[in-house]
Amino acid sequence: MSDTTATPAANKPAWLHNAVGYEVYVRSFADSTGNGIGDLMGITERLEYLAWLGVDIVWITPCYPSPMADHGYDVADYVDVEPIFGDLEAMQELIGRAHELGLKVVLDIVPNHSSDQHRWFRAAVEDPSGPYRDYYLWRDPAPGGGPPNNWVAHFGGPAWTLDEASGQYYCHLFLPEQPDLNWRNPALRAEFEQTLEFWFERGIDGFRIDVAHALIKDSEFRDNPQIADLAGITHPREQFRCFEHRYDLQQSESLEIYRAWRRIAERYDTALIGETYVLDSAGLADLVPGDGLHLGFWFAPMTMPWTAPDIEQTLRETSERLGDRVGWVQSSHDESRPATRFGGGERGRRRSLAFAAMLFGLPGVPFIYQGEELGLEDGDVPPELRSDPIATRNVGAVGRDVCRTPMPWEPGHNLGFSNADETWLPLGHDAEDSVAVQRQNPEAHVHKMRSLLRFRRQLSDLDPAVTWTEAPAGVVAFRRGDHLFVLNANDEAVTMTPGGTWSVVHRTGVGQTPDSSETILLEGAETVVAKHTA
Ligand code: TEU
């Protein structure tokens, strides 16, 4: 037990306060070995760029040994490194270099499921009476035969696969190659607590916890209520939405797991960040109480339409309920990129940056996803080159490859990502999009993001209370102390007269900024931050 007497809200790691994270999708960031796939050494070589950009935390997607059915989210050993990505020594070098540069390193842990090639699952299948059987979720077929209940997998089909040898089904909320672990088993819990310590001892600063909202399932495996007709629905995401996930997701007993992890994390001053794919803020707040996860990701911005009421609603309720316990994101390796979603081209880029500035103004920790700082749009991945199992296993589903195309570093062969003849996904961008070309142009998106990151550093002492404010049509505004954050969702310029005199301290567009004025001028798709002067 930790002997701290601080309140739960206060005993988060101090370094998390006002920090900004950066997600690295390891396969697509930088390839140092010439096999067309990114790796840890490639990340280490590029850390200086991230320090230049001005982020504080680097989150690295799973890099454990894996058969790669879901590109690393199917883990075959939690305490080693996938040889394609390097080895434990390469990880140690990465951590060491990051710390020299003042960057924290967060690993992605995948506790909801392992790979079907993990030795625990092999043993569970080979010896149904042995101790590892109960590391997974096994059920007899339904009385009339077939899967034990109506749960569906996120990636298509039923959440159950039959093991013919034993005649039992095992549960998997994702692919059949990703069997779900049994979190009611104390032996399994002990294995993961040792895994956390293994990585914390090596200097890791925290974990992003995959599928943090689903570790515990209903003990009776009851059917989920069906809320829409499945007929004719082929996309796995739409199938998933045909059910109320009362029994497979968000079971409150999951909180006990994070309380135990929190006690370990506090010994190392490390952070627990939940991948909490819960799209209602009350449900999210239930998962992120004081003594469990430090942060929970809020994913509603990923599917938010671009209108002022939608933007305010998406931010406001969650901010009010969770305060500084939110991981804010508008992009990830799972979703279409925001510049594309928000309209594409220059307009989509401007909107994405304006939205980022609002996330940066709220209490909590914003994360940007590699390439977001470049304003990248989705890459084009023709059907025959698609690699995401959502696309390869479901007819007509585009899948997530479009946001995973290789990072464009500089003009030339494979845009500096890799020396290989071919990269694991095709290149999705042009030389003009690349880091090197953008760095030479002071007007480029990367400089605007960098300037926003620098501005954020000055906000450390802002009043934590957020007051949402009346604003003209198409405009979203909140105040924090003497600072006013205003996003103009319109394409046309507008003015706002909030009362008093204001001086603009940051803007995401390129407009002229008067020294001090009663009127704030906002260009289309721009966020302005103004400070009250009188
Ligand atoms: O994603 C889990 C998850 O909840 C999302 O897949 C979500 O269901 C989806 O975006 C909504 O359509 C995590 C990882 O981020 C993802 O890459 C993995 O494939 C998945 O877990 C399985 O480990």
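Of everything listed in (1) within 25 Å of Met68 (Cα to Cα); (2) in contact with a helix residue (DSSP H, G or I) (Cβ under 7 Å, 6 or more places away or on another chain); (3) free of Cβ contacts under 8 Å to residues at least 40 places away in the same chain; (4) not β-branched (Val, Ile, Thr), the single unmet condition for Leu196 is (3).
Only one entry of Ala153, Ala124, Ala98, Ala159 meets the criterion of being within 16 Å of the ligand (Cβ to nearest atom), open to solvent by less than 10 Å² (accessible area, probe 1.4 Å) and in contact with a helix residue (DSSP H, G or I) (Cβ under 8 Å, 6 or more places away or on another chain), and that entry is Ala153. All of Glu23, Glu89, Glu48 fail the test of being closer than 25 Å to Glu201 by Cβ and open to solvent by 10 Å² or more (accessible area, probe 1.4 Å), apart from Glu89. Filtering Asp378, Asp421, Asp388, Asp401 for residues that are among the charged types (D, E, K, R) and out of contact with any helix residue (DSSP H, G or I) (no Cβ under 8 Å at 6 or more places or on another chain) leaves a single hit, Asp421. Restricting Gly296, Gly371 to residues that are in contact with a strand residue (DSSP E or B) (Cβ under 7 Å, 6 or more places away or on another chain) and buried (at least 24 other Cβ atoms within 10 Å of the Cβ) narrows the list to Gly296. Contact map, segment 224-237: first residue under 12 Å from Gly396 (Cα atoms) and without any contact (Cβ under 8 Å) to a residue 60 or more places away in the chain, second residue not in a loop (DSSP other than H, G, I, E, B) and not basic (Lys, Arg), Cβ cut-off under 8 Å, separation 6 or more or different chains; pairs are Ile233/Gln239.
The number of residues in segment 246-255 being buried (at least 20 other Cβ atoms within 10 Å of the Cβ) and under 23 Å from the mean Cα position of the chain (by Cα) comes to 3. Looking across segment 39-71 at every residue that is in a loop (DSSP other than H, G, I, E, B) and in contact with a strand residue (DSSP E or B) (Cβ under 8 Å, 6 or more places away or on another chain), the one that is farthest from the ligand (Cβ to nearest atom) is identified as Asp56.
So that you can scan it fast, the table gives a plain yes or no per residue for (1) surrounded by fewer than 21 Cβ atoms within 10 Å (Cβ to Cβ); (2) at pLDDT below 95; (3) over 24 Å from His154 (Cβ atoms):
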| position | (1), (2), (3) |
| --- | --- |
| Pro363 | yes, no, yes |
| Leu376 | no, no, yes |
| Ser387 | yes, no, no |
| Val395 | yes, yes, no |
| Arg404 | no, no, no |
| Met407 | no, no, yes |
| Asp421 | yes, no, yes |
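The set of residues from segment 283-338 being away from the ligand (no atom under 16 Å from the Cβ) and free of Cβ contacts under 8 Å to residues at least 12 places away in the same chain comprises Pro305, Pro309, Asp310, Gln313. When Leu427, Leu453 are checked against the criterion of being closer than 29 Å to Asn490 by Cα, at pLDDT 95 or above and more than 16 Å from the ligand (Cβ to nearest atom), a single residue qualifies: Leu453. Looking only at residues in segment 256-282 that are touching a residue at least 60 places away in the same chain (Cβ under 8 Å) and in contact with a Ser or Thr (Cβ under 8 Å, 6 or more places away or on another chain), the one that is least open to solvent (accessible area, probe 1.4 Å) is Glu266.
The values are calculated or read from the model by the stated rules, or taken from the named source; none is laboratory data. Just so you know, these numbers come straight off a predicted model, no measurement behind them. When we count neighbours, we look across all protein chains shown, and the Cβ atoms used for this are built from the backbone with ideal geometry, even at glycine. When the accessible area is computed, the model is the full protein with side chains, heavy atoms only, and any ligands, DNA or RNA have been set aside. Shrake-Rupley method; radii C 1.70, N 1.55, O 1.52, S 1.80 Å.
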